[in-house]
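This report concerns only the one structure given below.
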Amino acid sequence: MTLHSLPEPLHVALFFSIFYFIAALMTGVWKWRAMLGAQDGEAHSYTDIAHHAALHYGPFIVLAGALASFWPFGASFPAWVLIEIMGWTMVLSLSRYVSLGIRGGTSNQLHKPTASAKLGLVFFFFGSVLPGLTIAIGAIVGLWDSLPGKPF
């Protein structure tokens, strides 16, 4: 399979997964070094969260890209746009975790949420959750007719 034969949503998702793969490697080294230097052997919670987010966002965006490849609504709204929105939202989310880990000041950004933390949650909902649900619903619609034996 050549790169140009990939469905557009999967192509965009793979692009973002490269970023998360590299971020997972780099935050893994950062976490390991932090653990070595810590009295209790644990990294700051947001260093840990940044590493886990990078590990989870990569496969998540690829799965979303694969599901969006079954987008049944054609060119009326291209599914790769949803993947791009999700990808950039997760980049911003991951960068927030890295920033909190570098500062090391809080272990729970939502304990006393700032206006930017509240805005970030809204942004994450509209940038990741809503597009993700749209992709899932589109995939269900797109795959429904090809289900073997129509189980429902």
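Answer yes or no as to whether Ala50 is outside any helix (DSSP H, G or I) and small (Gly, Ala, Ser). First the steps, then the outcome.
Working: outside any helix (DSSP H, G or I): no; small (Gly, Ala, Ser): yes.
It is false that Ala50 is outside any helix (DSSP H, G or I) and small (Gly, Ala, Ser).
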**Message:** Scan segment 17-35 and tell me whether some residue there is of a type in the set (Gly, Ala, Ser) and in a loop (DSSP other than H, G, I, E, B).
**Reply:** no
**Message:** Need the failing condition index for Thr89 against (1) modelled with pLDDT of 85 or more; (2) surrounded by fewer than 19 Cβ atoms within 10 Å (Cβ to Cβ); (3) assigned to a helix (DSSP H, G or I), just the number.
**Reply:** (2)
**Request:** Kindly indicate the residue of segment 1-31 that is aromatic (Phe, Trp, Tyr) and touching a His at 6+ places or on another chain (Cβ under 9 Å) and also nearest to Ile102 (Cα to Cα) among those meeting that condition.
**Result:** Trp30
**Prompt:** In segment 56-86, what residues are free of Cβ contacts under 8 Å to residues at least 60 places away in the same chain and either surrounded by fewer than 21 Cβ atoms within 10 Å (Cβ to Cβ) or outside any helix (DSSP H, G or I) (or both)?
**Reply:** His56, Pro59, Phe60, Val62, Leu63, Ala66, Gly74, Ala75, Ser76, Phe77, Val81, Ile85
**Prompt:** Among (1) in contact with a helix residue (DSSP H, G or I) (Cβ under 9 Å, 6 or more places away or on another chain); (2) over 24 Å from Pro131 (Cβ atoms); (3) not in a helix (DSSP H, G or I), which single condition is Gln39 missing?
**Reply:** (1)
**Prompt:** Which one of these is buried (at least 18 other Cβ atoms within 10 Å of the Cβ), under 22 Å from Phe16 (Cα atoms) and not acidic (Asp, Glu): Ser128, Ser95, Ser99?
**Reply:** Ser128
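The values are calculated or read from the model by the stated rules, or taken from the named source; none is laboratory data. All of these numbers come straight from a predicted model, not from anything done at the bench. Reconstructed Cβ throughout: ideal geometry from the backbone, glycine too, with neighbour counts over all protein chains shown.
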